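One structure is given below, encoded as structure tokens.
Readers should treat all values here as calculations from the given coordinates under stated rules, not as data from a laboratory. This is a predicted model, so every value here is computed, not measured. Positions of Cβ are backbone-derived with ideal geometry, glycine not excepted, and every protein chain shown enters the neighbour counts.
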Amino acid sequence: MTTVFSFYFLILGLLFGSFFNVVGLRVPKREFLKRKRSYCPKCLHSLSWFDLIPLISYLFLGARCRYCEQKIPLLYPLMECASGISFMCSYILIGFRPELALALLLMSLLHIIVVSDLSYMIIPDKVLVFFFILIMIYRVLAPSGTWWTAILGALVGLMGTAVIIMVSRGGMGGGDMKLLGLIGFALGIKLLLVSFFLAVVMGAIVCVVLLRTGLISRHQPFPFGPFIAAGTMTSFFSGAQIIEWYITRFFL
């Protein structure tokens, strides 16, 4: 039965992943409700249901639009796969417990943020507000811990990032600050700090590699949202073990 439900969550993640791609691409351009049907961003031709089957359409069409032959960005199928895998892993690791709802909310939020930040270097406020409301509803219906930990986590995420922005003179953006505030509200201070630490480490490694290979220049803007997403996912599932290892390794 676990295998069956794992497959269901994989398919559910793929389907929602396709929708999250649309949200991440349209909301920053204020086009989310302007056109009900999906369309090719190159030729603007409306897409049929056959063109929108997650992952399968991309493979069957040879990674090209059926109407204008322009290449479909690899980001689309990669994020669909990431969403499917993250939904499936959330179920496998958590099962049918209240925390599963929080996991799926976070995976959905992070998917949209990654798409929008990679595409436009924007983390939309509307997306953050929408998920803040959903996470607040979750905390009311499935309370875990105290409210002050969530509020304090949000304040640390907001104020801590604001200090970094001022000290670095724009090394991070306002969208990153608000995203970390929301993550602090969802996870609390401890897991927020783990998320941020992992994001900085992963971001630094990737940035050094890209600089060494000449793919980016030293002063070129660089999206930090995907690293916050990766750090948050790791912290959500393994943060407690990371904290325990750290305390045992350096303080005991």
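Just checking, does the stretch 27-46 include any residue being assigned to a strand (DSSP E or B), among the small types (Gly, Ala, Ser) and touching a strand residue (DSSP E or B) at 6+ places or on another chain (Cβ under 8 Å)?
The answer is yes, given that some residue of the stretch 27-46 is assigned to a strand (DSSP E or B), among the small types (Gly, Ala, Ser) and touching a strand residue (DSSP E or B) at 6+ places or on another chain (Cβ under 8 Å).
Could you list all residues from the stretch 172-195 that are of a type outside the set (A, V, I, L, M) and either in contact with a strand residue (DSSP E or B) (Cβ under 7 Å, 6 or more places away or on another chain) or farther than 20 Å from residue 148 by Cβ (or both)?
Across the stretch 172-195, the qualifying residues are 173, 174, 175, 176, 178.
Looking at the stretch 53-72, is at least one residue free of Cβ contacts under 8 Å to residues at least 60 places away in the same chain, part of a loop (DSSP other than H, G, I, E, B) and under 23 Å from residue 121 (Cβ atoms)?
Yes, because at least one residue in the stretch 53-72 is free of Cβ contacts under 8 Å to residues at least 60 places away in the same chain, part of a loop (DSSP other than H, G, I, E, B) and under 23 Å from residue 121 (Cβ atoms).
Taking the criterion of being on the phi > 0 side of the Ramachandran plot and of a type in the set (Lys, Arg), would at least one residue in the stretch 159-169 satisfy it?
yes
Can you name the helices (runs of 4 or more DSSP H) wholly within the stretch 88-204 that have at least 1 residues being of a type outside the set (D, E, K, R) and over 18 Å from the mean Cα position of the chain (by Cα)?
The helices (runs of 4 or more DSSP H) meeting that bar are 98-120, 125-141, 147-168.
What are the residues in the stretch 207-216 that are surrounded by 10 or more Cβ atoms within 10 Å (Cβ to Cβ) and not aliphatic (A, V, I, L, M), if any?
Once the filter is applied, which keeps residues that are surrounded by 10 or more Cβ atoms within 10 Å (Cβ to Cβ) and not aliphatic (A, V, I, L, M), the stretch 207-216 yields only 207.
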